[in-house]
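Shown next, in structure tokens, is the structure this report addresses.
The values are calculated or read from the model by the stated rules, or taken from the named source; none is laboratory data. Model, not experiment: these values are computed from the prediction. A quick note on method: Cβ atoms are made from the backbone with ideal geometry, for glycine too, and the neighbour counts reach across all protein chains shown.
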Amino acid sequence: MRYDGTGVEASEGFPLITEEAWFPFRVITATMGKSKNKDPMVTVDTVCLSPKWKDFPIRHWVTFVPKDKPGAGIALHFLKCIGQPYEGVIDIKPEAWERKTFMGKVTISDYENKNGEKKKNNKFSSISPISETVGDEPPPEKADSKDAPWD
């Protein structure tokens, strides 16, 4: 492949959602991999569905840690929120996550990049099933993303 980068300014990162609030999101891609600790992990690329922040991306990582480790239920909560099987022995099929919707509470996070520069990005501080998030507080838990009005 050949690419002409003449006149294109190199940039890093994605645009930020500058409000810290609940917004609807859609999973675009979900790719199986491993965490730094070698636990199974899915990298989830999402886009915002809110008209004000339409198509702004946020990357999220869902790590399946052993049940005796702190945070083991976090991955199951994500599965529940996108309407996927989450109880008992389950087969993780990231391709089935694509096009699923959920509500994400967006926060702005500070981090240091590989060059030691301070940067900002968006993260989810909480997620919920899409049909139950109203206002700024997380809803009671119930997985049912098929009723989203924008599907």
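On inspection, Lys105 does not qualify as outside any helix (DSSP H, G or I), in contact with a strand residue (DSSP E or B) (Cβ under 8 Å, 6 or more places away or on another chain) and modelled with pLDDT under 95. Among the strands (runs of 3 or more DSSP E) confined to the stretch 1-81, the ones with at least 1 residues that are of a type in the set (Asp, Glu) are located at 40-48.
Residues in the stretch 65-90 that are surrounded by fewer than 19 Cβ atoms within 10 Å (Cβ to Cβ) and within 30 Å of Leu16 (Cβ to Cβ): Val65, Pro70, Gly71, Gly73, Ile74, Leu76, His77, Gln84.
Among the residues of the stretch 117-131, is there at least one that is assigned to a strand (DSSP E or B), surrounded by 15 or more Cβ atoms within 10 Å (Cβ to Cβ), of a type outside the set (A, V, I, L, M, F, W, C) and in contact with an Asp or Glu (Cβ under 7 Å, 6 or more places away or on another chain)? Taking every residue of the stretch 117-131 in turn, none turns out to be assigned to a strand (DSSP E or B), surrounded by 15 or more Cβ atoms within 10 Å (Cβ to Cβ), of a type outside the set (A, V, I, L, M, F, W, C) and in contact with an Asp or Glu (Cβ under 7 Å, 6 or more places away or on another chain). When the stretch 62-114 is examined, which residues are found to be more than 16 Å from Val44 (Cβ to Cβ) and of a type in the set (D, E, K, R)? Passing the criteria: Lys67, Asp68, Lys69, Glu87, Asp91, Asp110, Glu112, Lys114.
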